[in-house]
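Enquirer: I am attaching a structure below and will ask some questions about it afterwards.
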There are 2 protein chains.
Amino acid sequence: MAEPRISSIDGKLAEEFAVPSHVGEVKEKMTAFAVHHATAGRRVVLITSGGTKVPLESRTVRFLDNFSSGRRGASSAEYFIESGYAVIFLHRHRSLYPYTRMFSTMNMLDALKFTSDDGASSNSEVVVNQQVLPNIAKVLKRYQEVKESRLLLPIEFNTLSEYLHLLKAAAQALSTIGSKAMFYLAAAVSDFYIPASEMPEHKIQSSNGPLQLSMNMVPKILSPLVKDWAPQAFVISFKLETDATILLDKARRALETYRHQAVVANVLDSRRGYVMVVTPETQVELILTEEDEKNDVEIEDRIVNNLTSAHNKFITRQGG
Amino acid sequence: MAEPRISSIDGKLAEEFAVPSHVGEVKEKMTAFAVHHATAGRRVVLITSGGTKVPLESRTVRFLDNFSSGRRGASSAEYFIESGYAVIFLHRHRSLYPYTRMFSTMNMLDALKFTSDDGASSNSEVVVNQQVLPNIAKVLKRYQEVKESRLLLPIEFNTLSEYLHLLKAAAQALSTIGSKAMFYLAAAVSDFYIPASEMPEHKIQSSNGPLQLSMNMVPKILSPLVKDWAPQAFVISFKLETDATILLDKARRALETYRHQAVVANVLDSRRGYVMVVTPETQVELILTEEDEKNDVEIEDRIVNNLTSAHNKFITRQGG
């Protein structure tokens, strides 16, 4: 099958997607992080998480977005850290974040109270109500330990352009540690965009009548990532479909096209209790039972467990 | 100018925008809230806040969205409450919220600490670090007072359909209190949508090539709101443009078309320091000076001040 040439994707990236001004600085930070942890004997995983924003106007009022809370990425980050990995967390601004994700659905002010009944007294402290947040002490302690040990490097993106350029920078940064690097590409990336040259500057006026949008296809960045930017790394992509009947076929086709190591395939409605991990040779179903759900087991625990074992074998085979 | 007939907008709403299942229950809650506070001598403002989500597929993976953090709506809600209003806060799920907005940009775990150095000890409390959040005691106290007095009724929407149906329900609920009701329509509502009948069920496949989207125009709900649903209320709409040269003209045209009381007009880049309040007879510029910004004055303080005075006069003129 004729693949788009790598150089053409690189060119497209530079031409049609605005380069974020801080990409060089972020790349240096990621390189230092990867080298530091690899030297200390750790593996490093790059997790991408959350949806991408695709502007319809250059002074953006409207944009196309992808459904993604970032839950899978945020919780996976915690399990990778428990498994001894250092984590670069490349996530959408304001998507779910490791550790804080536990109170993302609540209003924090509902979880706070004054130590004395009279909040007005000047030496009254504001404390967390542990009846509202029973796990807060455990989570805070773990958060502080992880912060102290610098095992988590958070990097934010907002637009598709930022995502693409930062992922390329991350891939180049992680190529320095060879097969010790894993890519866990869980972000929900847009397949479509409007090139900078075709974008109107100002807010599209509704007085012009119905909106006709013509959107180009986003270059398949997995291709240069696997072949060129980080050819020794262990790479996992994600497939989310709403139609279960086409899922496995799409996962297999992705593996054939991009020649990476695994696809985590899932269906929108069942994604929190069921995924399939597909490799060129195998396919494994990971399922949460009712018992698991009662015990608050998360499917990301199983996914990370499966993939860290596979990464182990991959490193051994490479003689790393 | 020939306006779309009200009945046709009502019909379109019912046919092309899925009715949320809880709309009847929410309408009852809003009616009870409005009647309770009006009886107690209070005015009631309905604030809409945040952007709307416009699905491209019925099992939604992709959607069109509008830029809006909900900052203006959330902070205005606080100032309306300080001015003696009761507030129905119809806001986008996870957009900024009154009082909690102050720590929306930070990771809450960075603002918490253990009372003893050893977080593991079983009787250690988790407290807010007031060096990180110096205003927390004041904000928490105010939040608790407002909650206690039930001056704030939060209602969430996510999609455009939910927004439209809930706004209609709110308008009908508030029509029971006549001119004591204000509508402060600050939400960033999409002008375009895909009718349910034309929406694909499943995720659009990128293998089909570039995406051609044809989107219809959203019915102008301000028209039936002013004429039919809440004809005695004081209604303010918002205009956000990126092009300052067309702003005033668009505000004037909106007032002529919909015959409501005021437009708050603002430009994307300067919206936090400058707005124009346009009425059929007047236009007033509200500007934050450098001095104001040094003193943490917010422009919403000025906007709310201007509009509550105008609402006063409006009620007097109506003999309310």
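The values are calculated or read from the model by the stated rules, or taken from the named source; none is laboratory data. Given the structure is predicted, the values throughout are model-derived calculations rather than measurements. Cβ atoms come from the backbone with ideal geometry, glycine included; neighbour counts cover every protein chain shown. For accessibility, only protein heavy atoms count, side chains too; no ligands or nucleic acids. Shrake-Rupley method; radii C 1.70, N 1.55, O 1.52, S 1.80 Å.
Enquirer: Among A:L247, A:L268, which is the only one that is within 13 Å of another protein chain (Cβ to nearest Cβ), open to solvent by less than 10 Å² (accessible area, probe 1.4 Å) and within 15 Å of B:K203 (Cα to Cα)?
Expert: Just one listed residue meets the conditions, A:L247.
Enquirer: Determine whether the range B:22-38 contains at least one residue that is within 24 Å of B:M199 (Cα to Cα) and within 20 Å of the chain's Cα centre (by Cα).
Expert: Yes, there is a match, as at least one residue in the range B:22-38 is within 24 Å of B:M199 (Cα to Cα) and within 20 Å of the chain's Cα centre (by Cα).
Enquirer: Please tell me if A:F33 is surrounded by 14 or more Cβ atoms within 10 Å (Cβ to Cβ), of a type in the set (F, W, Y) and within 30 Å of B:L64 (Cβ to Cβ).
Expert: no
Enquirer: Going by the conditions given, is B:F114 at the interface with another protein chain (Cβ under 8 Å from one of its Cβ atoms), open to solvent by 10 Å² or more (accessible area, probe 1.4 Å) and either of a type in the set (D, E) or within 29 Å of A:H202 (Cα to Cα) (or both)?
Expert: no
Enquirer: Working only within the range A:94-111, note down all residues that are in contact with a helix residue (DSSP H, G or I) (Cβ under 8 Å, 6 or more places away or on another chain) and under 16 Å from A:L140 (Cβ atoms).
Expert: The answer is A:Y97, A:P98, A:Y99, A:T100, A:R101, A:M102, A:F103, A:M108, A:A111.
Enquirer: Out of everything in the range A:304-320 that is more than 14 Å from A:I236 (Cβ to Cβ) and touching a residue at least 60 places away in the same chain (Cβ under 8 Å), what residue ends up being nearest to the chain's Cα centre (by Cα)?
Expert: If we take residues in the range A:304-320 being more than 14 Å from A:I236 (Cβ to Cβ) and touching a residue at least 60 places away in the same chain (Cβ under 8 Å), then A:I315 is nearest to the chain's Cα centre (by Cα).
Enquirer: Got a number for residues in the range B:189-207 being at the interface with chain A (Cβ under 10 Å from one of its Cβ atoms), within 24 Å of B:L46 (Cβ to Cβ) and open to solvent by 20 Å² or more (accessible area, probe 1.4 Å)?
Expert: Residues that pass the stated criteria total 1.
Enquirer: Another question, if that's okay. Sort out which residues of the range B:292-313 are in contact with a strand residue (DSSP E or B) (Cβ under 7 Å, 6 or more places away or on another chain) and under 14 Å from B:V44 (Cα atoms), and write them in order of number.
Expert: Hits for the range B:292-313 are B:L307, B:H311.
Enquirer: Restricting to the range B:51-100, and then to whatever is in contact with a Ser or Thr (Cβ under 6 Å, 6 or more places away or on another chain) and of a type in the set (D, E, K, R), can you tell me which residue is farthest from B:A38 (Cα to Cα)?
Expert: That would be B:R59.
Enquirer: Could you check how many residues of the range B:268-289 are among the basic types (K, R) and more than 19 Å from B:G70 (Cα to Cα)?
Expert: Residues meeting the conditions: 0.
Enquirer: With a cut-off of at least 2 residues that are within 14 Å of chain A (Cβ to nearest Cβ) and closer than 23 Å to B:P219 by Cα, name the strands (runs of 3 or more DSSP E) lying wholly within the range B:1-110.
Expert: Filter on the range B:1-110 gives B:62-66, B:86-92.
Enquirer: I'm told A:E125 meets every condition in (1) open to solvent by 10 Å² or more (accessible area, probe 1.4 Å); (2) more than 18 Å from the chain's Cα centre (by Cα); (3) more than 7 Å from every other protein chain (Cβ to nearest Cβ) except one. Can you identify the failing condition by its number?
Expert: (3)
Enquirer: I need the full set of residues from the range A:81-114 which are over 26 Å from A:T159 (Cβ atoms) and of a type in the set (A, V, I, L, M, F, W, C), in order please.
Expert: Listed by number, the residues that qualify are A:I81, A:A86, A:M102, A:F103, A:M106, A:M108, A:L109, A:A111, A:L112, A:F114.
Enquirer: Among the residues of the range A:159-188, count how many are within 14 Å of chain B (Cβ to nearest Cβ) and assigned to a strand (DSSP E or B).
Expert: Counting residues in the range A:159-188 that are within 14 Å of chain B (Cβ to nearest Cβ) and assigned to a strand (DSSP E or B) gives 2.
Enquirer: Can you spot a residue in the range B:133-152 that is open to solvent by less than 10 Å² (accessible area, probe 1.4 Å), modelled with pLDDT of 90 or more, closer than 29 Å to A:F67 by Cα and more than 8 Å from every other protein chain (Cβ to nearest Cβ)?
Expert: No, the range B:133-152 has no match at all.
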